[in-house]
Amino acid sequence: METTLRRNWYHTLIDLVITLILWGYYTIGFVILFSPIYLFTRLFSADVTLAFQRLNTRFYRWFFMLLRFLVPACQWQVDEAVKTIRGAVIVANHVSYLDPILLISFFSRHTTIAKRRLFHIPIYGRMLRLSGYIPSATNGQLVGIMLSRMEEMPAFLTGGGNLFVFPEGTRSRDGGIGPLNKGAFKIARLCKAPIHVVYMENTDRLFRPGRFLFDTRATNTVRVEHLTRIEPEYDDPGFSLGALMTRVRQLLETRRAQAK
């Protein structure tokens, strides 16, 4: 009994130390290493939005490099087809806070829809705006930003940028696929853009919802899988947004069933 308690205490200590290193990079590392670069970019870059997106990608790519080094028990299987996506709307399931920053680490030109409250956080909210991210706002002062982003979206996608969205709107607590919101699919129809369906698996085992510590010792494999590319006939009189959403949901649910 005493040996077990000692082992559990030791394992928790390891989780804590590694977690503090990771979040130290995420916070203090950002202030020391990246904030001067962001400031320089804001003052002198010809295209601030693109430059900020590239910096975000680099920042999170280094975060995951550090994570992989510190947590060798976790293996990573990332479908190379995901990394080659360009000029599309990407829809994915959502099981962990790691999901959005993992996708950001793949694409140097990207945008996503972020919760409106994040845009009100000092400094961080300003960075979201300068990065060209979209607030999930239907009223208030952020509506203007949201509408502006929507006007720019067709050109952004045509130029090779990606919009990634988690249409469930929130993390799944049990890994199941929740109801899908229409927003991402409406944007794809507006821009006549292809849709790529991506499945995220086991990021929630590495960083569990509601828990501060990373689980650094459990054997785990994080998977990011490209399920399919869909090119809807948006101009077809028979096109149905509901049918498109049903197809995407079925793809995600089928993949989820296979993972059990």
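The values are calculated or read from the model by the stated rules, or taken from the named source; none is laboratory data. Worth saying up front: this structure is predicted, and the values here are computed from it rather than measured. Using ideal geometry, Cβ is built from the backbone for each residue, glycine included, and neighbour counts are taken over all protein chains shown.
Results, tabulated for the structure shown:
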| quantity | calculated |
| --- | --- |
| Qualifying position, being touching a Leu at 6+ places or on another chain (Cβ under 7 Å), over 30 Å from Met153 (Cβ atoms) and either among the acidic types (Asp, Glu) or surrounded by fewer than 19 Cβ atoms within 10 Å (Cβ to Cβ) (or both), among Ile14, Ile37, Ile21 | Ile21 |
| Top-ranked residue in region 204-243 [being part of a loop (DSSP other than H, G, I, E, B), of a type in the set (A, V, I, L, M, F, W, C) and in contact with a helix residue (DSSP H, G or I) (Cβ under 6 Å, 6 or more places away or on another chain); ranked as surrounded by the fewest Cβ atoms within 10 Å (Cβ to Cβ)] | Leu213 |
| Any chance Ala193 is over 15 Å from the mean Cα position of the chain (by Cα), modelled with pLDDT of 95 or more and surrounded by 18 or more Cβ atoms within 10 Å (Cβ to Cβ) | yes |
| Count of residues meeting criterion [more than 15 Å from Leu67 (Cβ to Cβ) and either charged (D, E, K, R) or in contact with an Asp or Glu (Cβ under 6 Å, 6 or more places away or on another chain) (or both)] in region 214-230 | 4 |
| Filtered residue count, region 172-186, keeping only those that are in a helix (DSSP H, G or I) and either touching a strand residue (DSSP E or B) at 6+ places or on another chain (Cβ under 6 Å) or modelled with pLDDT under 90 (or both) | 1 |
| Residue in region 51-66 that is touching a helix residue (DSSP H, G or I) at 6+ places or on another chain (Cβ under 8 Å) and not in a helix (DSSP H, G or I) present | no |
| Count - residues of region 244-260 that are under 23 Å from Val78 (Cβ atoms), without any contact (Cβ under 8 Å) to a residue 24 or more places away in the chain and in a helix (DSSP H, G or I) | 3 |
| In region 42-86, residue surrounded by the fewest Cβ atoms within 10 Å (Cβ to Cβ) [restricted to those that are more than 17 Å from the chain's Cα centre (by Cα) and among the hydroxyl-bearing types (Ser, Thr, Tyr)] | Ser45 |
